[in-house]
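A quick write-up on the structure given underneath.
Read-outs: derived from the displayed coordinates by stated rules, not from any lab. All of these numbers come straight from a predicted model, not from anything done at the bench. Positions of Cβ are generated from backbone atoms using ideal geometry, with glycine treated the same way; all protein chains shown enter the neighbour counts.
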Amino acid sequence: MGVLWPGRPLASVVALLLVIGVHGIPKSEFFPYGAEVYDDVLPKKDEISSPELKFTTPLLFYKQEYNGAYINSNGLLSFMTELPNFYNVPFPLDYPLIAPLYSDVDTRGAGDVFYRWVHHQTEQH
């Protein structure tokens, strides 16, 4: 079997995936979220953070205990301080954080940032 574009393996893989078809995960497979399941939502603004969310028990993260965290609109869960601004610099940043997504997000036009506290494994909302 020949290569679609010799010397360009990435382009060949992308072309092959487009021919085969790429399927996404349906929304029904995700954890339920949104106002209908009582999630909190950040205001529609650019560069915003939640108030500090206090933990009922300290969270141990890289051998340091934290008693609260902030949800930031750019996809960060930060400790010690809010970090609402996007910094186009490589990680690590100067503060402890978890980055499930890190992007320059602006929800003024569309989209929402939802978050919730789940206190028990069996809690459904």
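Taking a straight Cα-Cα cut-off under 26 Å and skipping sequence neighbours fewer than 8 places away in the same chain, the lysines within cross-link reach of K63 are K54.
Summary value for region 27-115: 31 percent relative contact order, contacts being C-alpha pairs under 8 angstrom separated by 6+ residues. Shape class for region 27-115, computed from the alpha carbon gyration tensor (a ≥ b ≥ c): oblate, with a/c not under 1.5 and a/b at or below b/c.
For the pair D40 and F91 in one chain, pulling the backbone fully straight at 0.36 nm per residue adds 15.6 nm over the alpha carbon distance. The alpha-carbon of K44 sits under 21 angstrom from the alpha-carbon of none of the lysines, leaving out residues fewer than 8 places away in its chain. Measuring r between the beta carbons of E29 and Y102 and using R0 = 22 Å, the FRET efficiency lands at 0.40.
Candidate cross-link partners of K27 among the lysines, defined by an alpha-carbon separation under 16 Å and a same-chain spacing of 8 or more, are absent.
Summed over all non-identical Cα pairs, the Kirkwood treatment of region 58-109 gives a radius of 11.7 Å. Put in line by how crowded their Cβ is, counting other Cβ atoms within 10 Å and starting with the fewest, I71, I20, I98, I48 read I20, I98, I48, I71.
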